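Remarks on the structure that follows.
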Amino acid sequence: MREVDDALRQDQAEVFVRRYGKLIAALVVVGLLALAGYLYWDHHRSRANQAAAEQLTLALDDLDAANTADAQKKLAPLAAAGNSGNAVLAQLAQAGIALEQGKNNEAAVLYGNVARNADVAQPLRDLATVREVAAAFDKLPAQTVVNRLSALAQPGNPWFGVAGEMVGIAYLKQGKNKQAGPLLVKIARDKSQPDALRARVRQLAGMIGYDAIDDVVSAGGEDAPDGGAAGQ
């Protein structure tokens, strides 16, 4: 019986090989070719990324040396390369150059392209959003500034001070002093913000009757409430 079983299994194996052997071999070959293709593509991509990173470094070196024209030549092909990290950094560098040259409209467009690119990492999109609004601030409706930056103008957000200052000024343009005052006070009292920024918003807050100086004691001897109007 064992010999019969062995013979039967052998016959079944031979039938299986005759029927599916070529298909299995073809699948193995296709799999190996796919693996080889992926390894080649990954190697090519790594080399391309390395070359792009080197090109970006050279462009930034040109900017440090005030060789703006040479930097632009190096940045242009990188910025047009898609949504890779190096491409996005090149686009931000181009926008920064435009801003330094006083081409605010061009800079705003370049920053806006990054800010609205869903494939870009959120921290870079936030950076681009703040820079875009700053570049076009004088031409944007106040409510647009508020809409674009309110989410970033929150305590604890890395862009709280910069975004909050612009939102506060936008509120002032709208005559919304009760919204502007407390926000400006919070920024002025946030010791993690740059001193120059704190001084600016403290002055703005004072102009509308809000005292943003730390440890202010009211006439009644109690600490003034955070964001409260001066003299209240």
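Descriptive notes on the structure:
- The listed residues are Arg125, Arg131, and the only one of them that is in the same structural domain as Thr57 (by TED's automatic domain parsing), outside any loop (DSSP other than H, G, I, E, B), within 16 Å of the chain's Cα centre (by Cα) and free of Cβ contacts under 8 Å to residues at least 12 places away in the same chain turns out to be Arg125.
- Scanning segment 59-94 for residues that are among the polar types (S, T, N, Q), modelled with pLDDT of 80 or more and under 20 Å from the mean Cα position of the chain (by Cα) turns up Asn86, Gln91, Gln94.
- Every residue from segment 151-191 that is under 25 Å from Gln122 (Cα atoms) and without any contact (Cβ under 8 Å) to a residue 24 or more places away in the chain: Ala151, Gln154, Gly156, Asn157, Val167
- Any hit, segment 76-84, residues being under 13 Å from Val133 (Cβ atoms) and in a loop (DSSP other than H, G, I, E, B): no
The rows are residues; the columns are (1) touching a helix residue (DSSP H, G or I) at 6+ places or on another chain (Cβ under 7 Å); (2) hydrophobic (A, V, I, L, M, F, W, C).
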site	(1), (2)
Ala65	no, yes
Asn86	yes, no
Gln91	yes, no
Ala98	yes, yes
Gly102	no, no
Ala107	yes, yes
Tyr111	yes, no
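- Every pair of residues 6+ apart whose Cβ atoms lie under 7 Å, when the first sits in segment 64-82 and is touching a residue at least 12 places away in the same chain (Cβ under 8 Å) while the second is assigned to a helix (DSSP H, G or I) and among the polar types (S, T, N, Q): Lys74/Gln55; Leu75/Gln94; Leu78/Gln55; Leu78/Asn86; Ala79/Gln91; Ala79/Gln94
- Filter pass, Arg148 being more than 30 Å from Gln91 (Cβ to Cβ) and not polar (S, T, N, Q): no
The values are calculated or read from the model by the stated rules, or taken from the named source; none is laboratory data. Note that the structure is predicted; figures quoted are calculated from it, not measured. Heads up, the Cβs are rebuilt from the backbone with ideal geometry, glycines too, and the neighbour counts pull from every protein chain shown.
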